[in-house]
Amino acid sequence: MRHRLFPRARKHLVPLLFVGTLAAGLCSTPPAAAAPADIPPQEPGITLRVFDVQTSLSKLCALKPSQTPNHDKLMPTVDWSTEADFGGLSDRFVTEASGYLNVPSDGSYVFRLTSDDGSRLAIDGDTVIDHDGLHGAEPKGGTVHLTAGANPLRIDHFERDGGQQLRLAWKPPGAGDFTIVPRDVLSTDAGVVRVTAPGRKECEASGDSPGDGLPLTGVRPDRPSPICPEGFEPQVSGMD
Ligand SMILES: [Ca+2]
């Protein structure tokens, strides 16, 4: 009996395993509305970071990497115009707004970026609106085709002096007029520790002098011992 049944059972075993694995895979597929697996857990809103560069910029600058912002806060939307909105800074600062734009459907989305002074909107890593340079709170538009789901969003902004503003509005497919991009389509990494530090922050290649002006946070771990050549005895009475 056993010898007669076993070959048949084994013949069906491989297809059964394959179907079972396929079914398990289908059952564990997340619903279409869920964030892609490579995005950390999200919460509604957008991250605002402000850097006190204390430099009279005329255009956007690239901040030196790994600098801690002076101000870092979860905000509901991008609609800022007061000193309080920008963490108490009024002049000569740089702003970064970052998060995801979660759109329900594929389509052509129109954006309007209003800023004082210059700004730039990038979605999925591509510049949608380049509104750089010194100017008052003027609007500038741009259109982009988006696919449904989470699209990385980033706005860079700088303020030199006088008034300051940054505002992002949109007109999604089918909408009649512009509205502020609402909180429920914005998201940012949830539960992050928002670390800030006072003091001046630096742009790349702006008035560089010996050293990069940033605090020393460590030494090369592969050079734990003195690096002076043997017999090197500098005559130094003081250092600035
Ligand atoms: Ca201004």
- Item | Relative contact order computed over the range 127-205 (Cα-Cα under 8 Å; 6+ residues apart), in percent | 17 percent
- In whole percent, what relative contact order does the range 52-93 give with Cα contacts below 8 Å and a gap of six or more residues? 64 percent
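For GLY107, what charge total do you get from the other residues with a beta carbon under 15 Å from its beta carbon, if Lys and Arg give +1 and Asp and Glu give -1?
Cβ neighbours under 15 Å give a net charge of -1.
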- Query: Under 19 Å from the Cα of LYS140, which lysines turn up, not counting those fewer than eight places away in the same chain?
  - Reply: LYS59, LYS171
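Which whole-number percentage describes the relative contact order of the range 54-124, with Cα contacts under 8 Å and a sequence gap of 6 or more? It would help to have the intermediate numbers written out before the result.
Working: 21 pairs, mean separation 27.5, N = 71.
The normalised contact order for the range 54-124 reaches 39 percent.
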- Positive dipole terminus of the range 85-156, leading residue within ALA97, TYR109, PRO152 (C-beta point charges): TYR109
- aspartates and glutamates near LYS64 by alpha-carbon distance under 20 Å, same-chain residues fewer than 8 away left out - which ones? ASP52, ASP72, ASP91, GLU96, ASP132, ASP156, GLU159, GLU202, GLU204, ASP208, ASP212
- Item | Sum of side-chain charges, ASP117 neighbourhood, beta-carbon under 11 Å (Lys, Arg +1; Asp, Glu -1) | -3
- Along the range 146-152, what does the Karplus equation 6.51 cos²θ - 1.76 cosθ + 1.60 (θ = phi - 60°) give for ³J(HN,Hα), rounded to whole Hz, x for Gly and Pro? 10, 9, 4, x, 8, 10, x
- Message: Viscosity 1.306 mPa s, temperature 10 °C: give me the Stokes-Einstein translational D for the range 68-165 in µm²/s, with Rh taken as the Kirkwood radius over C-alpha pairs.
- Response: 113 µm²/s
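Here, each number is a calculation from the coordinates, and none is a lab measurement. Computed from a predicted model, the values in this text were never measured in an experiment. So basically every Cβ, Gly included, is an ideal-geometry build from the backbone, and we count neighbours across all protein chains shown.
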